[in-house]
Amino acid sequence: MASISLRNIGKSFGQTNVINRLGLDIADGEFLTLVGPSGCGKSTLLRIIAGLETPTEGDVLIDGKASIKLRPSERNLAMVFQSYALYPHLSVYDNIAVPMRMRQFTRWQRIPFVRRLVKGTRSVSQDIDEKVKAVSEKLGLSPLLNRKPGELSGGQKQRVALGRAIVRDPVAFLFDEPLSNLDAKLRVHMRSEIIDLQRKLASTFVYVTHDQAEAMTMSDRIAVMMQGDLIQVGTPEDIYLNPQDLRVAEFIGSPKINVLSAMTNQFGQVCLNETPVRFRIADESSTEISIAVRPESLFVCNPSPAAIPGQIKHIEYMGDQAYLYVDIEKQSQRIIIKVLPTQLAGYEIGSAIHVGFDAKDALLFDQDGQRIYATPSPRSVVNA
Amino acid sequence: MPDALSRYPHQGIAIGLVAPAMVLMVVILFVPILIAFLLSFTSYSLGSEQLNWVGLDNYRKVFSKSTYQKMFSSTLLYVAVVVPVSVGLGLGASLLIHSLKFGQNLYKTIFFLPVMAALLAMAIAWEFALHPTIGIINHTLSAGCESNGWYSFATGSWYGNDVSTSWYGRGCEKGFPLWLGNKDYAMWTIAFIGIWQAFGFNMVLYLAGLSSISPELYHSAEIDGARSAWSRFRLVTWPMLGPTTVFVLTITLIRSFQVFDTVEALTSGGPVKSTYVMMYAIFEKAIKHNLVGIGAAITVVFLSFVMLITLIQRWLVDRRVHYA
């Protein structure tokens, strides 16, 4: 078990920067998720940790030891790939046994038949056999040990890949979008299996995904990456409630956070569609800002000067909840309001409604997408 | 079959659609083979009026006369040399080329040239090169006799070897071999040209096989502890190339059994029948000597060889190397 530290890691392919000098400390036994849209450099970062890719600059410390010059096999990490990367010609048993044989057998012992002639093979193979059987028992693979990967379902292949990773007690586990080839139902199931596994092993997990739901549900901490930059690292709650960047706010949460464009006037008052909202910011100049509000923080309210008028364009009924898609005057983005299905009565497509939100639920971002903080006035509620 | 017809009302159409292909297959594949098979039991020669049934006589000759024993041994020698060497070289060259960062296409083109060139034309070039007195090969070899360093290296005299016991030393004294005119060298020379011609094709097939191996498998092998290039080759490359290898082996085997152009152009089966391969024997007996019956018998033996190889390949593909 080990901690992993990234120091000033940068990676560029020719002129293109894939990762811009970033640092990250992953604690021993932590489940850290690297999340971001495709092409943000998260997989490259994981492969740098694994040693499959050499960074242009910086160093990777595994358990405090500079490891950038070490071969992948010398880092004693395990990795699960998106395509599982099972050896198609080997049975499930042999697939799981490969990392053990590669490490514990000598050169001669690795050759079938010849290994029987070498002294001491029997005790090593018995040791390997016990481990493989124990791991397959743990993952429910025992009845499948003689099958070839081609005869397995996606979920079973995933389990074999997990088995191959855990069989040799590596210091940390790396996952490269391991669930994205599975169907939706299985994905949710495997999520909990991986979390269980991490609790049992109490080992360091670094998990790459583009699925924010996976990141939110599985991790101790989330690291959000965008365009090669590490934007924010924090617990799921922290990332959701306190995004430091508009892109983080937009990426995390489903449906997406509502972004309203607003102006501040010379008194620092925030004005939405030329109507002052009742909170202010410290900077007293007239600039454009964004107000971001989660769908569940918006509500339909009675008409009042402070409420925002809009028109329902679409209603999505989900069973336990419903989403209203509302167009607001002078706002380019359609907003989404989460309501209870019981509140849908009386609304239909085309209905004119008023929308309000609590000032404490509003997140403000400046033109560059950086978080700014409001100083709420005593009566801070937007609706009447 | 009124019952079947009523169950499949469109059977007539189905048969009509299949018919052209079936007719073609019968006319251009089955009938000729059948005719060859029947002719092999006769002493027929082209243009003769009657057909004498001789039973298994032709086959008895093929399996007993020393000429045909030489035919089998030279064919098998050719196959036994060309197949492993050209497959091995093809694999080696493809691995080397695949590992290159640039220049891949240049090497591919160079090694593939002999495959594209007409073998008959190439045989003439080889004939010049291998000519005992004016050929570039013996010229180069005898030029080496003048160079002291090379001479002592090639004869092994630097190591204390007796010059006259070494192949090169004797060559310098008594002249280098008549590559195509000596019965001890002719088949090996033909085999060498066969390898030169075949390995580029195998290399291209192996390159296609290599490029279809997922890089993630290599990464996975690396993380699993396969540190040396050899262990990655054993764990990933070789097994993943299994289907390619079976195909390459089959194709090379069949093509080696079919060797003809070089023999016809360079040695005409000689000297002393040392390069009398099966295809050339068929050509000589059936076309040149107009002994169609015996030619047909050799053809049937040849076809059964090829059939056997194909069946083994099918069995291997189904059994061992097919990863669904």
Extension gain B:Q50-B:S304, at 0.36 nm per residue separation less the Cα-Cα distance, in nm? 88.7 nm
If the cut-off is 26 Å between C-alpha atoms, which lysines fall inside it for B:K70, apart from same-chain ones fewer than 8 positions away? B:K61, B:K183, B:K273, B:K285, B:K288
How many angstrom separate the Cα center of the stretch A:102-147 from the Cα center of the stretch B:250-316? 49 Å
Suppose we keep just the DSSP beta bridges with both residues in the protein assembly as shown; what percent of those would be antiparallel, to 5? 75 percent
Taking the Cα-to-Cβ direction at B:M25 and at A:K313 and moving 7 Å from each Cα, how far apart do the two end points lie in nm? 6.1 nm
Listing A:T16, B:T275, B:T250 from the residue with the fewest other Cβ atoms within 10 Å to the one with the most, what is the order? A:T16, B:T250, B:T275
Over the C-alpha atoms of chain A, what are the Rg and the largest Cα-to-Cα span, Dmax, in Å? 26.2, 90
Between B:I35, B:I287, B:I190, find the one with the highest GNM mean-square fluctuation for chain B; connect C-alpha pairs within less than 10 Å. B:I35
Rounded to the nearest Å, the spacing of the alpha-carbon centers of the stretch A:1-60 and the stretch A:215-235 is 12 Å
Convert each backbone phi in the stretch A:351-357 into a coupling constant with the Karplus relation 6.51 cos²θ - 1.76 cosθ + 1.60 (shift: θ = phi - 60°), then list the ³J(HN,Hα) values in order as whole Hz, x for Gly and Pro. 4, 8, 9, 10, 10, x, 8
Ignore the peptide's own chain and count Cβ atoms of other chains within 10 Å of each Cβ in A:79-91; give me the average, rounded. 5
Neighbours of A:V160 by Cβ distance under 12 Å: Lys/Arg at +1, Asp/Glu at -1, summed charge +3
Separation of the stretch B:122-146 and the stretch B:13-70 by C-alpha centroid, Å? 43 Å
With a ≥ b ≥ c taken as the square roots of the eigenvalues of the C-alpha gyration tensor of chain B, please select rounded if a/c is under 1.5 and otherwise prolate if a/b is larger than b/c or oblate if it is not? oblate
Report Rg (one decimal) and Dmax (nearest whole number) for the stretch A:255-376, counting Cα atoms only, units Å. 14.7, 46
Averaging 1/r across every pair of distinct alpha carbons in the protein assembly as shown and inverting yields a Kirkwood hydrodynamic radius, in angstrom, of 33.1 Å
From the backbone phi of the stretch A:190-203, what are the Karplus-calculated ³J(HN,Hα) couplings (6.51 cos²θ - 1.76 cosθ + 1.60, θ = phi - 60°) in whole Hz, Gly and Pro given as x? 5, 3, 5, 5, 5, 5, 4, 4, 5, 5, 5, 7, 6, 10
Sort A:R334, A:R47 so the one with the fewest other Cβ atoms within 10 Å of its own Cβ comes first. A:R334, A:R47
Net charge of Cβ neighbours under 14 Å - reference A:D245; Lys, Arg +1; Asp, Glu -1: -3
Sum of side-chain charges, B:G144 neighbourhood, beta-carbon under 14 Å (Lys, Arg +1; Asp, Glu -1): -1
Connecting every pair of Cα atoms under 10 Å apart in chain A and solving the GNM, the largest mean-square fluctuation among A:M216, A:M102, A:M263 falls on A:M102
Decide, for the stretch A:1-72, between rounded, prolate and oblate: order the square roots of the alpha carbon gyration tensor eigenvalues as a ≥ b ≥ c, take rounded if a/c falls under 1.5, and otherwise choose prolate if a/b is larger than b/c, else oblate. oblate
Between A:I289 and residues 5 or more places away or on another chain, which pairs have amide H atoms under 5 Å apart, with H built 1.01 Å from N, and which residues are they? A:A262, A:M263, A:T264
Need one number: nm distance between label points at A:S285 and A:A27, each 7 Å from Cα along Cα→Cβ, rounded to one decimal. 4.1 nm
A student applying the Cα gyration tensor rule (rounded when a/c is under 1.5; otherwise prolate if a/b is larger than b/c, oblate if not) would label the stretch B:169-324 oblate
Looking at the stretch A:4-246, how many pairs of lysines come closer than 20 Å at the Cα, when each pair is eight or more places apart or spans two chains? 13
At R0 = 25 Å, FRET efficiency that the Cβ-Cβ distance of A:N146 and A:L186 yields, to 0.05: 0.60
Helical contribution to [θ] at 222 nm, DSSP H n ≥ 4, -39,500 (n - 2.57), averaged over chain B, rounded to 500: -21000 deg cm²/dmol
Take the Cα atoms of the stretch A:52-112, build their convex hull, and give its volume per residue in Å³. 131 Å³
Whole-Hz Karplus couplings 3J(HN,Hα) for the stretch A:168-175, θ = phi - 60° and coefficients 6.51, -1.76, 1.60, Gly and Pro as x, run 10, 6, x, 7, 7, 10, 10, 10
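Throughout, read-outs are computed from the coordinates displayed, never taken from laboratory work. These numbers were taken from a predicted model, which means no experiment stands behind them. We place every Cβ from the backbone using ideal geometry, glycine too, and count neighbours over all the protein chains shown.
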